[in-house]
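Shown next, in structure tokens, is the structure this report addresses.
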Amino acid sequence: MRPFDSFVMIDWSGGNDTGPKPRKDAIWAAVHRTTGAESPVYLRNRQVAETWLAEFLERELAAGRRVLAGFDFPFGYPAGFAEAVCGCSDPLALWDWFEARIKDAPHANNRFDLAGEINMGLGSGPGPFWMNALQRDVAGLPRRKDDYNNPFAERRAAELQAKGAFTCWQMAGAGAVGSQVFMGLPVLTRLRRHFAGQVAVWPYEVLERPVAFVEIWPSLTAGPAPDGMIKDAWQVTEIARQLACLDHDVLAEMLQVDAPEEGWIFGLGHEERLRVPAPPPLRNDCFALPQGVHWTPVDEALALLKERLVPMTAVEGIALEQAIGRIAAQEVRALRANPPLPNTAVDGYGFTGAKAEGMHDMPLVTGRAAAGDAPGSVPDGHAVRVLTGAALPVGVDTVILQEDVQIANGRLRFSGPIKAGANTRDAGEDVNVGDVVLEAGRRVTAADLALLAATGISEIPARQRLKVGVISTGDELANVGEAVAEGQIFDANRPMLMGLIGQFGHCAVDLGRVPDDRATLRSRLDEAACEVDVILTSGGASAGDEDHVSALLEEAGAMALWRIAIKPGRPLALGLWDGVPVFGLPGNPVAAMICTLVFARPALDLLAGGGWSEPAGFDVPAAFEKRKKAGRREYLRARIRKGCAEVFASEGSGRISGLSWAEGLVELCEDAREITVGDSVRFIPFGSFGL
Ligand code: AMP
Ligand code: MG
């Protein structure tokens, strides 16, 4: 059996439309692929869900992915029911039977009436279906306390084993699955028909097709939802993850069950294998530097970030119009060729084949082929007027420019030679169907939007924007615009860091400023960890009395104090607070900005689901001279004038004006010692850092 690539889990609902706002007891779907998870999708009614499922399956099949689709309602009834109702014990015949009878609209359906009709048709007294959620009585359907008789088994074998599972005979009441079966089987039946030959239903059919429909029961293994998350959304997400994490052979073994009529609940009897906790995305020691090194070189520190950081953001489908600047979560392939049909690259006249040297004269057909026209046809030996972008009519493969011809009396005259195919574009010469048009991890550019649109992509799987919180620390800080006491300074870092994060393409969240007070900082970090994906702090990151960022991270047992061989730069405190990465930047604005560009930016890119980014620089002659310590990398505020790199007059790390003066950084490598005017130095424009 070929392994599954995608797992889509659906929490079904037998009730009416639940409105536009995501809520519980609605239909929820979650997708987990071998390449990562998507955020759960809220589906307000079955019509929306059916369309969503059909489009999802189309997309997965087109991409060559094998799909396991799980639905949380019974696929069959206790033995004898199918035979009694539709005259055949084949459960899939019963699916068809339901599909032919259920009428479903967002705000009304006939499930209770049908249950009553079935009861009456069986003629065995009031039952097996019971419970009516309507005001009116339904013929043949007993309410909870009425007389009741069930000629079939009260529960399926699976329900006897699954403690807490509801019986399929109960049509209403919280958690009752009876209605879900009535309202679910018709949808699955139509999907089976729509994808004829590509869907196998478990455990009735051999799972050799690209799509498998499997009965699941999320409460079996999902566990409680985290605070603030809708239970249904959590459960499908969790089950999809559990299934996707299973080893293929184990999954295949778990799918071996024998329940020819009633069906079975996937995973029953294998709960422990499924209840594998999700690994934390980052380990507590993810920022640990090699032991015993006093000053770590910049490249070593960067290599470590590159190796250990993984995406923290969920995936969502995003419409093309909103996709600029977003990071693709998966590669995207062209649905349409560009150009889709062979067409003319110029305004002129089209005909078939090469023409030799000398004069040519041929009749023109009436009419013309313009851009957007469906391709017509032109008889052999004739020519047709064509306009740029028009699909070539059948019988045309060569075009001559209008400037090179004479037209008279309905005839075209020109002198050869002209090559076959001249002035035309081949179908797919730019992009073919199935070509990759967007790599996973790429940040979508305006040019990408053109390519995606041209190739028929209206929506892409994108990472949600990384939420980056910014906190300033220090008793000396006041917000600009507020009164400052003597001895205070305005908080310069927070506006700068907020701006940088926005320019990097993330979502910057202002978490304010905290004094040098451990308890206040602790509670601010606690709040922040619930709200954002990453936290940037400035100030208080060294190992002094008032360096509370490093002290708290140390206390949490997840801190690495980075002493990097870099100037400007003081120690950085990196760590996790409740699993959220914290970058404790130095307080000095110059060091804070440079450490952000050099360390935080590539790290944030990885956490956001993008690739590793190395800022592109180029070598230019120095317009300055300088001596420096060997063994340390230095970044100077710089700009290019007359083809040479100038540096800011002062290297003082409190000189904010120099940051603003600069247009980039000169990077002096570790072993450089003396730079004289005219020496080649590496200049990295701020643009290379995404600014
Ligand atoms: P610290 O890293 O907290 O020891 O601070 C180092 C230097 O940076 C001190 O001179 C601070 O006053 C200054 N500083 C810290 N935070 C900020 C800020 N948000 N804006 C401007 N200067 C700051
Ligand atoms: Mg401070």
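Any read-out appearing in this document is the output of simple, stated calculations on the displayed coordinates, not a laboratory observation. Model, not experiment: these values are computed from the prediction. We place every Cβ from the backbone using ideal geometry, glycine too, and count neighbours over all the protein chains shown.
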Query raised in the report: In this model, which of Lys24/Lys103; Lys21/Lys103; Lys21/Lys231; Lys103/Lys163; Lys306/Lys467 are farther than 27 Å apart at the alpha-carbon?
Result: Lys103/Lys163
Requested in this report: Quick one: order Ser377, Ser653 by neighbouring beta-carbon count within 10 Å, fewest to most.
Outcome: Ser377, Ser653
Report summary line: Sorted by chain and number, the residues with a modelled amide H under 5 Å from that of Ala200, at a separation of 5 or more or across chains, are Arg209, Val211, Ala212, Phe213
Report task. Within the range 564-606, which residues have the backbone N less than 14 Å from the label spot 7 Å out from Glu307 along Cα→beta-carbon, could you tell me? Result -> none
Query raised in the report: If the viscosity is 1.306 mPa s and the temperature 10 °C, what Stokes-Einstein diffusion coefficient in µm²/s follows for the range 6-117 when Rh is the Kirkwood radius over Cα pairs?
Result: 100
Query raised in the report: For the range 462-513, what relative contact order do you get, as a whole percent, if you take Cα pairs closer than 8 Å and at least 6 residues apart?
Result: 51
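Express the relative contact order of the range 348-407 as a whole percentage, based on alpha carbon pairs under 8 Å and six or more residues apart in sequence.
Relative contact order, the range 348-407: 45 percent.
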Requested in this report: For Asp17 and Asn409, compute 0.36 nm times the residue count separating them, minus their Cα-Cα distance, and round to one decimal in nm.
Outcome: 134.4 nm
Requested in this report: Would you mind checking the radius of gyration and Dmax of the chain based on alpha-carbon positions, in Å?
Outcome: 33.6, 103
Query raised in the report: Which percent, to the nearest 5, of DSSP beta bridges fully inside the chain are antiparallel?
Result: 65
Query raised in the report: Under a straight-distance cross-link criterion of Cα-Cα below 21 Å, which lysines are reachable from Lys419, leaving out those fewer than 8 residues away in the same chain?
Result: Lys355
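Inverting the mean 1/r over all pairs of different Cα atoms, compute the Kirkwood radius of the range 209-249 and quote it in Å.
Radius from the Kirkwood sum: 11.4 Å.
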Query raised in the report: Rounded, prolate or oblate: which fits the range 210-340 when a ≥ b ≥ c are the square roots of the eigenvalues of the alpha-carbon gyration tensor, with rounded for a/c under 1.5 and prolate only if a/b beats b/c?
Result: oblate
Report summary line: The exposure ranking of Val236, Val549, Val681, fewest beta-carbon neighbours within 10 Å first, is Val681, Val236, Val549
Query raised in the report: Per-residue HN-Hα couplings for the range 427-435, Karplus 6.51 cos²θ - 1.76 cosθ + 1.60 at θ = phi - 60°, whole Hz, x for Gly and Pro?
Result: 4, x, 5, 8, 9, 9, 4, x, 5
Report task. Report, please, the projected area of the range 336-397 averaged over directions, based on the convex hull of its C-alpha atoms, in nm². Result -> 4.4
Report task. Report, in deg cm²/dmol and to the nearest 500, the calculated mean residue ellipticity at 222 nm for the chain, where each DSSP H run with n ≥ 4 adds -39500 (n - 2.57) and the sum is divided by the residue count. Result -> -7000 deg cm²/dmol
Report task. Using DSSP, restrict attention to beta bridges with both residues in the range 296-397 and report what percent are antiparallel, rounded to the nearest 5. Result -> 50
Report summary line: Going fewest to most other Cβ atoms within 10 Å around each Cβ, Met359, Met229, Met312 line up as Met359, Met229, Met312
Query raised in the report: Based on the alpha-carbon gyration tensor of the range 253-412 and its eigenvalue square roots a ≥ b ≥ c, which shape applies: rounded if a/c is under 1.5, prolate if not and a/b is larger than b/c, or oblate?
Result: oblate
Query - Whole-Å distance, taken between Cα centres, linking the range 311-382 and the range 557-625 - result: 47
Report summary line: Taking every DSSP bridge whose two residues both lie in the range 1-153, the antiparallel percent to the nearest 5 is 70
Query raised in the report: In sequence order, what are the phi-derived ³J(HN,Hα) couplings for the range 638-649 according to the Karplus relation 6.51 cos²θ - 1.76 cosθ + 1.60 with θ = phi - 60°, rounded to whole Hz, with x for glycine and proline?
Result: 9, 7, 9, 9, 6, x, 10, 8, 9, 10, 5, 4
Query raised in the report: Can you give the extra length, in nm with one decimal, that the chain gains between Glu357 and Phe618 once fully stretched, where that is 0.36 nm per residue apart less the Cα-Cα distance?
Result: 88.8 nm
Query raised in the report: Can you list residues whose amide H is under 5 Å from Arg442's amide H, if they're 5+ apart or on another chain and H is modeled 1.01 Å from N?
Result: Ala328
Query - the chain: relative contact order as a whole-number percent, Cα under 8 Å and 6+ apart - result: 10
**Report entry** chymotrypsin sites (Phe, Trp or Tyr not before Pro) within the range 265-363, DSSP loop, no more than 16 other Cβ atoms inside 10 Å
**Finding:** Trp295
**Report entry** Sites matching GluC sites (Glu not before Pro) across the range 137-209 that sit in DSSP coil, with at most 15 neighbouring C-beta atoms within 10 Å
**Finding:** Glu154, Glu205, Glu208
Query - the range 235-301: trypsin sites (Lys or Arg not before Pro) falling in loop per DSSP and having at most 14 other Cβ within 10 Å - result: Arg275, Arg283
